[in-house]
Structures are given as C-alpha cells and as structure tokens.
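Here's the structure, in structure tokens; my notes come after.
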Amino acid sequence: MGSLHQESGLVTKVCEIYAKIFKLETLKPSPDVNSLFTELVVACIPPSSINVATLPKNIQETRSKLIKLCGEAEGYLEAHFSTLLATFPNPLHHLDVFPYYSNYLKLSQLEFDILNQHYSVEQDVAPKRIAFVGSGPLPLTSIVLALYHLKNTEFHNYDIDDLANSMASRLVSPDPDLSKRMFFHTTDIMEVTDDLKEYDVVFLAALVGMDIKDKVKVIEHLAKYMAPRAMLMLRSAHGSRAFLYPVVEPEDLHGFEVLSIFHPQDEVINSVVIARKYSSRLEVEHHDHHQKLGMGSILPSSCKYCDFQAFNNISTQQDEYY
C-alpha cells in the first residue's frame, strides 16, 4: 500500500513539474529553467519500483511530451556552453567551465569499464574506430573517451544538424591530437549504410529517438549495417528515471546479443546497455527460437553490471540533464 502511495505521489509531482515546464516561454538556460529541471531530476532519482508501461494513457502521453521537452532543453544547454568554450584559444583546456563536466568524467569511466570488460576479452585490443550517433554541439562523451581512455582510437561523430557539428568541430580543431582523430559527419544515420561496417563500436546517444519507436528503427538500421560482432552501447532508463528518458528493453535490440545492463541504484540517472551484433543469421534465428520458448529475457552470466557495486558511488549523472 505504501508503495502505491509513493508511486501516486511521484506521478502527481512529475505532472505538476511538467505543467510548469510546459508554460515556460523558452527552454534556454535561465534560473527558472534550471530550477525546474533540477526539481524534476531530484524527484525521479530515488529508487522506485514503478513501471511506466503500466501507467494510464494520459500519463503515458505526458511522459512522452516531457521526455521531448527535456531533450530540447538539453540541446540548448549544450549549445550555450559550446559557444562559451569556443571563445578560448584551446577549448579542451577549459572543459571544466561546463558545470557538469565532472559527471561526464564519471559516466565515461563507467562506460569505458563496461566496454573494456566485453570488447577486450574478444579482441584483445582497443577499438580502432568508434562511431557516436547523435553527438550534438558539445560531444563530451567522445572527447572524454578520446582524451583519457582510448588515446589511439578514431572517433566519428554523426549528427543531423550541421550547426551542431560546426560548433563541436570548433572545440576540437585547435587540439593537435584530437583534431586528427575526431571527425564530424552531418547526415541522418538512417542514410548511412556500408560505412557503419567500418566501426568496432557504435554509441547511440540518449537523444537519438526520443520516442522508443523511433529509437527501435535506428537500432534495426544499425543491426542491418554494422559489422558482425561489433559492439553497440546505448543508454536507457529504469523505474522513475523513465520519466526522463525512453526505456530500451532487451527485446528492442533485435539482431544484437545483450551482454550487460547496468541499472544504477543511486543518483546516476541512465542505465547503460552494451550489446554485440550477431555474426550470422543463424545466431539471430537461434536467439529468436529461445525467445519463443520464453528464454529471451535471460541475460548471459556476464551481465554482472546489473548489480555491480563498484559503480554505486557515482554521483548524480547530469550528463544528459541539468
């Protein structure tokens, strides 16, 4: 009974905040915008058993609208700080002006550790080429991974917005190292085909496909064109955090073997999912057969990150939020 009361209180709170956000004249950074999104994140951080898929239709519609507003606000936030960073002679020396830079460092460390856990076992080398889909005007995940974790890897950043790519490129171009290893492609990822076979790992940003149906279409496209056994990393959400981001379920990753899902229990917002593209149609059919037998939701024993305690000290991940 207490759990139902808590869930009802959470839904009421989220709807109240949504109503206030909806009335804002702009979602560009300002005291009012920052305050409301901070209030929203604080409301959704506490662990919750709520299943957003079972909520009434009107609440589902409010959630979908809220997720899109959050994405729009994040885009403005990134553009604002990308513009500010571009005023420095070498922007990469001043990344800490972004107020949530330390959270990018923590999240990137987490994602690198999860990637390394699975990729290095299979390849025994670091990825040579990584694609980041939906990199935006402030591609901090790519930058942090390139600077601190994958120092010999090429990063190919894809975004549909030419202005976002121009802003991002200005941040990297003065750096003698990253300017040679980081590339920007202005294109819809749904139009990229054979080039996807060139990447060892593909990162899918949380803002690509804010509606789960759109995200699944992108995943299916990646499954069709990525190289066999290449890795896919993406972010999901669990419990009350699903008011902030779309939820990606294992069954949404058709054509991929899900290796690990890390659901944070603390203040880290996003779940982290890593999957491997099947090497053959036979593997896909074998997986589909197991799903029909009711075994599709059983993840392999390597899915240790679902409750891996070493990461539970990570503070609030404002990587995708205020």
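Residues in the range 137-154 that are crowded, with 20+ Cβ neighbours inside 10 Å, out of contact with any Pro (no Cβ under 8 Å at 6 or more places or on another chain) and more than 15 Å from L84 (Cα to Cα): 6 in all.
Taking the criterion of being farther than 29 Å from F81 by Cα, out of contact with any Asp or Glu (no Cβ under 8 Å at 6 or more places or on another chain) and open to solvent by less than 60 Å² (accessible area, probe 1.4 Å), the residues of the range 200-225 that qualify are D200, H221, L222, A223. Does the range 3-26 include one or more residues that are closer than 22 Å to A205 by Cα and not basic (K, R)? For the range 3-26, residues closer than 22 Å to A205 by Cα and not basic (K, R): absent. Here is a check on your reading of the model: is D175 within 16 Å of S82 (Cα to Cα), acidic (D, E) and open to solvent by 60 Å² or more (accessible area, probe 1.4 Å)? When the stated conditions are applied, D175 does not pass them. Considering T26, T54, the condition of being more than 22 Å from the chain's Cα centre (by Cα), closer than 18 Å to P137 by Cβ and open to solvent by 50 Å² or more (accessible area, probe 1.4 Å) is satisfied by T26 alone. Contact map, the range 108-134: first residue over 16 Å from V273 (Cα atoms) and open to solvent by 10 Å² or more (accessible area, probe 1.4 Å), second residue modelled with pLDDT of 95 or more and part of a helix (DSSP H, G or I), Cβ cut-off under 8 Å, separation 6 or more or different chains; pairs are R129/E198; G134/I189. Checking each residue in the range 93-107 for being crowded, with 19+ Cβ neighbours inside 10 Å and more than 19 Å from I269 (Cα to Cα) picks out only L95. For the range 74-87, does any single residue satisfy the condition of being within 29 Å of T26 (Cα to Cα), at pLDDT below 95, within 19 Å of the chain's Cα centre (by Cα) and charged (D, E, K, R)? Yes, the range 74-87 contains at least one residue that is within 29 Å of T26 (Cα to Cα), at pLDDT below 95, within 19 Å of the chain's Cα centre (by Cα) and charged (D, E, K, R).
Within the range 92-101, the set of residues being within 23 Å of S179 (Cα to Cα) and at pLDDT below 85 is empty. Before we move on, is V125 among the hydrophobic types (A, V, I, L, M, F, W, C) and within 20 Å of V208 (Cβ to Cβ)? Spelling it out, it is not the case that V125 is among the hydrophobic types (A, V, I, L, M, F, W, C) and within 20 Å of V208 (Cβ to Cβ). With (1) open to solvent by 70 Å² or more (accessible area, probe 1.4 Å); (2) touching a His at 6+ places or on another chain (Cβ under 8 Å) as the list, and V42 as the residue in question, which single condition is left unmet? Here V42 meets the rest and fails (2). Can you spot a residue in the range 112-121 that is closer than 20 Å to M182 by Cβ and in contact with a His (Cβ under 7 Å, 6 or more places away or on another chain)? The answer is yes; a qualifying residue exists. Of all residues in the range 43-66, those that are touching a residue at least 60 places away in the same chain (Cβ under 8 Å) have Cβ atoms under 8 Å from Cβ atoms of residues that are open to solvent by 80 Å² or more (accessible area, probe 1.4 Å), 6 or more apart or on another chain, in I45/E267; P47/Q265; S48/Q6. Check D195 against each of (1) crowded, with 21+ Cβ neighbours inside 10 Å; (2) under 26 Å from V258 (Cα atoms); (3) modelled with pLDDT of 95 or more and name the one condition it does not meet. In the conditions (1) crowded, with 21+ Cβ neighbours inside 10 Å; (2) under 26 Å from V258 (Cα atoms); (3) modelled with pLDDT of 95 or more, D195 misses (1) alone.
Filter the range 245-259 down to the residues that are in contact (Cβ under 8 Å) with a residue 40 or more places away in the chain and under 18 Å from A53 (Cα atoms), then identify the one that is farthest from the chain's Cα centre (by Cα). Before you say what the answer is, go through the steps one by one.
Within the range 245-259, the first condition is being in contact (Cβ under 8 Å) with a residue 40 or more places away in the chain, and the residues that meet it are 245-247, 250-252, 257-259.
Then drop every residue that is not under 18 Å from A53 (Cα atoms), which leaves 245-247, 250-252.
Working: Y245: 9, P246: 10, V247: 11, P250: 15, E251: 18, D252: 15 Å.
Residue satisfying both the conditions and the ranking: E251.
Scanning the range 226-249 for residues that are open to solvent by 30 Å² or more (accessible area, probe 1.4 Å) and either modelled with pLDDT of 95 or more or not aliphatic (A, V, I, L, M) (or both) yields P228, R229, H238, E249. When D162 is tested against (1) surrounded by fewer than 16 Cβ atoms within 10 Å (Cβ to Cβ); (2) at pLDDT 95 or above; (3) farther than 30 Å from A223 by Cα; (4) not basic (K, R), exactly one condition is not met: (3).
The values are calculated or read from the model by the stated rules, or taken from the named source; none is laboratory data. Values in this document were obtained by computation on a predicted structure and should not be read as measured data. Neighbour counts run over all protein chains shown; Cβ positions are idealised from the backbone, glycine included. Heavy atoms of the whole protein, side chains included, go into the accessibility calculation; ligands, DNA and RNA do not. Shrake-Rupley method; radii C 1.70, N 1.55, O 1.52, S 1.80 Å.
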